[in-house]
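Participant: Shown below is the structure under consideration.
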Amino acid sequence: MLGRECWCWDNLCDYYPVVESKKFSLPLPLPKWPQGKGFGTGRICLGEIEVVQITKFKKIWGCGSSFGKSNCVSFYKPDGIPKGYYILGHYCQPDGEHITGYVLAAKDLSDVQDSASKLPALQKPLNYTLIWSSDSQYNGGGYIWMPNAPVGYKSIGCLASVEPNEPDPDEVRCVRADLTENCEASEMMFSSDSFFQRKQFQVWKTRPCKRGMLCAGVSAGTFFGSTSFSSGDELDIACLKNLDSSLHAMPNLEQIHALIKHYGPTMYLHPDEIYLPSSVPWFFMNGALLYKDGRNNGTVINSKGSNLPAGGLNDGQYWLDLPNKDDANRTSVKCGNIESAELYVHVKPSLGGTFTDIAMWIFCPFNGPATVKIGLLSFTLNKVGEHVGDWEHYTLRISNFSGELWSVYFSEHSGGEWVDACKLEFIEGNKPIVYASRNGHASFPHPGCYLQGSSKLGFGLRNDCARSKYYVDSSSKYQIVAAEYLGEGVVAEPPWLQYMREWGPTIIYNGRSEVEKIIKHLPFFMRFSVESLIELFPTELYGEAGPTGPKEKDNWLGDERW
């Protein structure tokens, strides 16, 4: 019958004893971190509330399409809540082998006796609104509830139940509004895809609207459910806010070194890679030149880069380049020097200081030409895609509650992705593997060919990744170049980091000419017009402005693109 919904409900509570869901574990147990303030202690003070990270759950029920498991989620109740703490909502994730997330439980630290007008930090909801329900004659039903917060308070997450009656108001707490920030829907985990709009139900992950090392929003790990929500709408729930400016849960310098030595990834380059990374001082000492607009001759750069113009904005007046074309060293500089290569580390608060982001930057003197894939055919371009000075990075996100590696961000040419720890490859214990693509050096979590363009049509730029004898172990070959939260003078930033201009000259390619050559080699039935083919490829393919350094990137102060 057209429009009929086919559902499969898994109500474990009705038929089986409630069992604990298994959380993913890293290959090796966590070490004992060096002593410090609040890092790795299990509790973080956010001002008037203290929070703990709950990763132990009991399944309530699950739902998904009866046509397969590709759109199945389960709802969980946090378990093992410490005495004096209260949950802020339940947890949801797509079905898989392990639990990969968390929720926060909160404790009220406010002293309402100091002021008769001051409200407690936490308060029970007045009651609940039923957001969505579905009954099944086979497996029971499921219900999603929104806590209705008292005046002056905000709800932080939704609840799930197998009973049609409202949950107990004592099961969850709402948070005083001034201790919260706005949040947004980040990833849809589930959609009922009903033919009837009034019955459509969606479940979303949430995150703070404002994110970055200067932002105070804290993700509580709860979920948001709705039958009428559209991407971009304002949510009925909020996230937490860290009002403790001391960021006491962030690691100190000794702990940072311990984290990098324990988790520092091994970055593998492709076996056919020609343009290898190098250290920045090696690049300078082997003939790199500084050019100024209006001058024909370049200036030699000292090993620390202290004679580079510092600060300001990228005004296009300066750029770096390889040694002069008549310099025999030019080709060898383009190919880099992997023995000197090291990762340049920026450590910063994330999600209000409840996580630490360790951004690891790698420098390559040269980015090689692109390879175009059209169906089963591949064409290496002559010049298009080349540029001098290539900066790439990956980022480790570590929980400040425990010091556990939570996920890794892999930066790619036109974006990037966070990959949960359970989906990473590891080497030598808890060290992830990062694969750098051939010629372009973008980072990926697994070997293979990643297509930048239209994967559906099979058109785009190839990013080929594989293990080889070329690698950099960032657990030992690194330099901490910035950790602003530690205070002035704790980490000395190298002079070259203050260079905000371009690390290579601007190059405009005759992309049309190269595309025309590709078309001539295609079978007749695969041929496109030049304009049609150009539209399928990323715009950066046809013109390469000189890249700027790490401190000019949006993610230096802000969050990664996700």
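Participant: Can you report the number of residues in the stretch 319-331 which are open to solvent by 50 Å² or more (accessible area, probe 1.4 Å) and at pLDDT 95 or above?
Facilitator: The number of residues fulfilling the criteria is 1.
Participant: Output the residues belonging to the stretch 459-503 that are on the phi > 0 side of the Ramachandran plot and at pLDDT 95 or above.
Facilitator: Taking the stretch 459-503 as the starting set, the residues that turn out to be on the phi > 0 side of the Ramachandran plot are 460, 487, 489.
The one that is on the phi > 0 side of the Ramachandran plot and at pLDDT 95 or above: G487.
Participant: Here is a follow-up. Search the stretch 171-191 for residues that are closer than 20 Å to R211 by Cα and pair each with any residue that is open to solvent by less than 10 Å² (accessible area, probe 1.4 Å) and in a helix (DSSP H, G or I) when their beta-carbon atoms are under 9 Å apart and the residues are at least 6 apart or on different chains.
Facilitator: E181/G352
Participant: Which of the residues that make up the stretch 359-405 are in a strand (DSSP E or B), out of contact with any Asp or Glu (no Cβ under 8 Å at 6 or more places or on another chain), open to solvent by less than 10 Å² (accessible area, probe 1.4 Å) and under 25 Å from P432 (Cα atoms)?
Facilitator: Residues of the stretch 359-405 that are in a strand (DSSP E or B), as a first pass: 359-367, 371-374, 377-380, 387-399, 405.
Right, trim to out of contact with any Asp or Glu (no Cβ under 8 Å at 6 or more places or on another chain) and you get 359-360, 372-374, 377-380, 390-394, 399, 405.
After this cut, where a residue has to be open to solvent by less than 10 Å² (accessible area, probe 1.4 Å) as well, the list is 359-360, 372, 374, 390, 394, 399, 405.
Of everything in the stretch 359-405, those that are in a strand (DSSP E or B), out of contact with any Asp or Glu (no Cβ under 8 Å at 6 or more places or on another chain), open to solvent by less than 10 Å² (accessible area, probe 1.4 Å) and under 25 Å from P432 (Cα atoms) turn out to be A359, M360, D390, Y394, S399, L405.
Participant: Looking at the stretch 290-316 only, could you name the residues that are of a type in the set (S, T, N, Q), in a loop (DSSP other than H, G, I, E, B) and free of Cβ contacts under 8 Å to residues at least 60 places away in the same chain?
Facilitator: If the condition is that a residue be of a type in the set (S, T, N, Q), in a loop (DSSP other than H, G, I, E, B) and free of Cβ contacts under 8 Å to residues at least 60 places away in the same chain, then N296, N297, N302, S303, N307 are the ones that fit.
Participant: Could we say that S279 is among the hydroxyl-bearing types (S, T, Y), open to solvent by 70 Å² or more (accessible area, probe 1.4 Å) and either out of contact with any Pro (no Cβ under 8 Å at 6 or more places or on another chain) or within 30 Å of G353 (Cα to Cα) (or both) here?
Facilitator: Against the criterion (among the hydroxyl-bearing types (S, T, Y), open to solvent by 70 Å² or more (accessible area, probe 1.4 Å) and either out of contact with any Pro (no Cβ under 8 Å at 6 or more places or on another chain) or within 30 Å of G353 (Cα to Cα) (or both)), S279 does not qualify.
Participant: Here's a follow-up. Would you check if there is a residue in the stretch 261-269 being closer than 23 Å to G336 by Cβ, of a type outside the set (S, T, N, Q) and open to solvent by 20 Å² or more (accessible area, probe 1.4 Å)?
Facilitator: Yes, because at least one residue in the stretch 261-269 is closer than 23 Å to G336 by Cβ, of a type outside the set (S, T, N, Q) and open to solvent by 20 Å² or more (accessible area, probe 1.4 Å).
Participant: So which residues in the stretch 234-245 are open to solvent by 30 Å² or more (accessible area, probe 1.4 Å) and in contact (Cβ under 8 Å) with a residue 24 or more places away in the chain? Lay out the reasoning, then the answer.
Facilitator: As a first pass, look at the stretch 234-245 and keep what is open to solvent by 30 Å² or more (accessible area, probe 1.4 Å): 234, 236, 241, 243-245.
Once the filter is applied, which keeps residues that are open to solvent by 30 Å² or more (accessible area, probe 1.4 Å) and in contact (Cβ under 8 Å) with a residue 24 or more places away in the chain, the stretch 234-245 yields E234, D236, K241, L243, D244.
Participant: Continuing with this model, one more query. Step by step: first the residues of the stretch 430-446, then only those that are in contact (Cβ under 8 Å) with a residue 24 or more places away in the chain and open to solvent by 20 Å² or more (accessible area, probe 1.4 Å), then the one that is nearest to L30 (Cα to Cα). Which residue is that?
Facilitator: Ranking the qualifying residues of the stretch 430-446, first place goes to K431.
Participant: Oh, and also: Among the residues of the stretch 215-233 satisfying the criterion of being surrounded by fewer than 20 Cβ atoms within 10 Å (Cβ to Cβ) and touching a helix residue (DSSP H, G or I) at 6+ places or on another chain (Cβ under 9 Å), which is modelled with the lowest pLDDT?
Facilitator: S228
Participant: I'm checking my understanding of the structure. Among residues of the stretch 293-318 that are in contact with a Ser or Thr (Cβ under 9 Å, 6 or more places away or on another chain) and either open to solvent by 60 Å² or more (accessible area, probe 1.4 Å) or among the small types (G, A, S) (or both), which one is nearest to K477 (Cα to Cα)?
Facilitator: N307
Participant: Can I ask one more? If a residue must be in contact with a Phe, Trp or Tyr (Cβ under 7 Å, 6 or more places away or on another chain), more than 14 Å from W204 (Cα to Cα) and open to solvent by less than 20 Å² (accessible area, probe 1.4 Å), how many such residues does the stretch 84-108 contain?
Facilitator: 4
Participant: For the stretch 532-544, does any single residue satisfy the condition of being at pLDDT 75 or above, within 30 Å of G287 (Cα to Cα) and outside any helix (DSSP H, G or I)? Explain how you work it out, then say what you get.
Facilitator: At the first step, the residues of the stretch 532-544 found to be at pLDDT 75 or above are none.
No, the conditions are met nowhere in the stretch 532-544.
Participant: Moving on to the next point. Could you tell me how many of the residues in the stretch 299-318 are closer than 16 Å to P505 by Cα and modelled with pLDDT under 95?
Facilitator: 4
Participant: Determine which single condition F229 fails, assuming it passes every other condition in (1) assigned to a loop (DSSP other than H, G, I, E, B); (2) of a type in the set (F, W, Y); (3) in contact with a Gly (Cβ under 9 Å, 6 or more places away or on another chain).
Facilitator: (3)
Participant: Just to be sure I understand the filter: pairs with C-beta atoms under 6 Å, separated by 6 or more residues or on different chains, first member in the stretch 46-58 and touching a residue at least 24 places away in the same chain (Cβ under 8 Å) and within 10 Å of G101 (Cβ to Cβ), second member assigned to a loop (DSSP other than H, G, I, E, B) and open to solvent by 30 Å² or more (accessible area, probe 1.4 Å). Which pairs pass?
Facilitator: Note: pairs meeting the criteria are F57/D79.
Participant: Sort out which residues of the stretch 125-148 are open to solvent by 70 Å² or more (accessible area, probe 1.4 Å), modelled with pLDDT under 75 and in contact with a strand residue (DSSP E or B) (Cβ under 6 Å, 6 or more places away or on another chain), and write them in order of number.
Facilitator: Once the filter is applied, which keeps residues that are open to solvent by 70 Å² or more (accessible area, probe 1.4 Å), modelled with pLDDT under 75 and in contact with a strand residue (DSSP E or B) (Cβ under 6 Å, 6 or more places away or on another chain), the stretch 125-148 yields only D135.
Participant: Kindly indicate whether V372 is hydrophobic (A, V, I, L, M, F, W, C) and at pLDDT 95 or above.
Facilitator: Spelling it out, it is not the case that V372 is hydrophobic (A, V, I, L, M, F, W, C) and at pLDDT 95 or above.
The values are calculated or read from the model by the stated rules, or taken from the named source; none is laboratory data. Here the structure is a predicted model, which means the values were calculated and not measured. So basically every Cβ, Gly included, is an ideal-geometry build from the backbone, and we count neighbours across all protein chains shown. When the accessible area is computed, the model is the full protein with side chains, heavy atoms only, and any ligands, DNA or RNA have been set aside. Shrake-Rupley method; radii C 1.70, N 1.55, O 1.52, S 1.80 Å.
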